[in-house]
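Beneath this line is the structure, given in structure tokens, with notes to follow.
Just so it is clear, none of the values below were taken in a lab; they were calculated from the coordinates. Given the structure is predicted, the values throughout are model-derived calculations rather than measurements. Cβ sites come from the backbone with ideal geometry, for glycine too, and all protein chains shown count toward neighbours.
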Amino acid sequence: MLDLEVVPERSLGNEQWEFALGMPLAQAISILQKHCRIIKNVQVLYSEQTPLSHDLILNLTQDGIKLLFDATSQRLKVTMVDLRRLKETAIAPTIEQIDQSFGATHPGVYNAAEQLFHLNFRGLSFSFQLDSWNEAPKYEPNFAMGLASLQIPHGAMVKRMHIYTGNNLQETRAPAMPLACFLGNIFAECVDVLRDRAGPLGLKLRLLTAGCGPGGMADGKVRSLERSIYFGDSCQDVLGALGSPHKVFYKSEDKMKIHSPSPHKQVPSKCNDYYFNYFTLGVDILFDSTTHLVKKFVLHTNYPGHYNFNIYHRCDFKIPLVIKKGETLLGHKSLQRMNPACLRWDQIQEMLGHPMEKPVVLHRSSSANNTNPFGSTFCFGLQRMIFEVMQNNHIASVTLYGAPRTASQARPESSSSSH
């Protein structure tokens, strides 16, 4: 059994590691992988067909801990602990011990549907189960004007504990990422696709970082920076805007070349194009091997059930679009924005129109002999964007491509701010 410290409205952990509210999913999985000899039998629970309708859960079955992550932001929202597991190695906590540890609070509330008493503190709640089903009726709210539910009955056993932010477990939201989770990385608060009527031009990223940068002491503040990168930018431009990538990946082959016009006439390159992988941003940037200029952007949604799940953090990106409805434009041509990470492919087609060509089937595997348990995805091309669609109709990634910026186009200066 794990020996853990509970901090209401903040975390569950010990000296080696901590599950902090607001922690990104990838960091929690990294902790579990690092301590796999101690923390065993971990399940990833999610809704396969409607992944945004239910929390994404890391279930530590051996230790009775469930980590509930917000399905959209993929940050830790609630930590649930099954306190009945304490019976294996220790005595389950009593109401007196809980009162001594966390102080006074409002009277307990009885939930008839669950037949549980809930004792709520700020950022922390305990659920008690009655000894006998026969006791339940006298704690109904309509019995004796509800006075019986003002106190936890004698003999009630602690069943579970929840750690969350705020005063109401049902209304809690995943908080902002705590400072301890930055670990020298930059994260994307949001990403806007820059485009004109012809198609994408580049990205504008609102970045979050902690501390003062190289050579400076951390001052306990989160800083917000805005950076823009474009097609045709050099490696130096990208490094100056975003810093060093987590990884540089060289393409061994171009599997999509067969779909280009006259692929047999294309001169083979002696060098391979390469990606800058920014995992905490959820962004890949492809450079041409000859000119070393940006030629593609790949934005990842990090849905569970996809082959690349947990490699990238979710990229919260928005694309400006001309919204059409039937044969008429909504009064006039107005540029609006959509977030593909929160939309299904059929909803996107209602805004963009339907592709003229059949999709390209993409099958990923680590080697020629390995199978992909999640199945193939389908790639549709629309308005110089390639949408990778999963079998549940959600978007796995969006690839942007377009004409490089001309020499006459000045590169805007990056702006920064702090909060």
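Structural remarks
- Other-chain or far-sequence residues with amide H under 5 Å of SER289's (modelled H): ASP273, TYR274
- Pair-distance profile P(r), taking every C-alpha pair of the stretch 1-123, with 10 angstrom steps and integer %: 11, 38, 36, 15, 1
- At an R0 of 35 angstrom, the distance between the Cβ atoms of PHE102 and SER53 translates into a FRET efficiency of 0.60.
- Sites TYR250 and VAL6 - FRET efficiency at Förster radius 60 Å, r taken between beta-carbons, to 0.05: 0.80
- Label point at MET351 placed 7 Å out along Cα→Cβ; residues across the stretch 38-80 whose backbone nitrogen lies under 15 Å: none
- Stretch gain in nm, segment ASN272-GLU226, where the contour uses 0.36 nm per residue and the Cα spacing is subtracted: 13.5 nm
- Highest average first, the peptides 173-186, 59-72, 32-45 ordered by how many other beta carbon atoms sit within 10 Å of their residues are 59-72, 173-186, 32-45.
- Here the label points at ALA180 and THR291, each 7 Å from Cα along the C-beta direction, are separated by 4.8 nm in the simple model.
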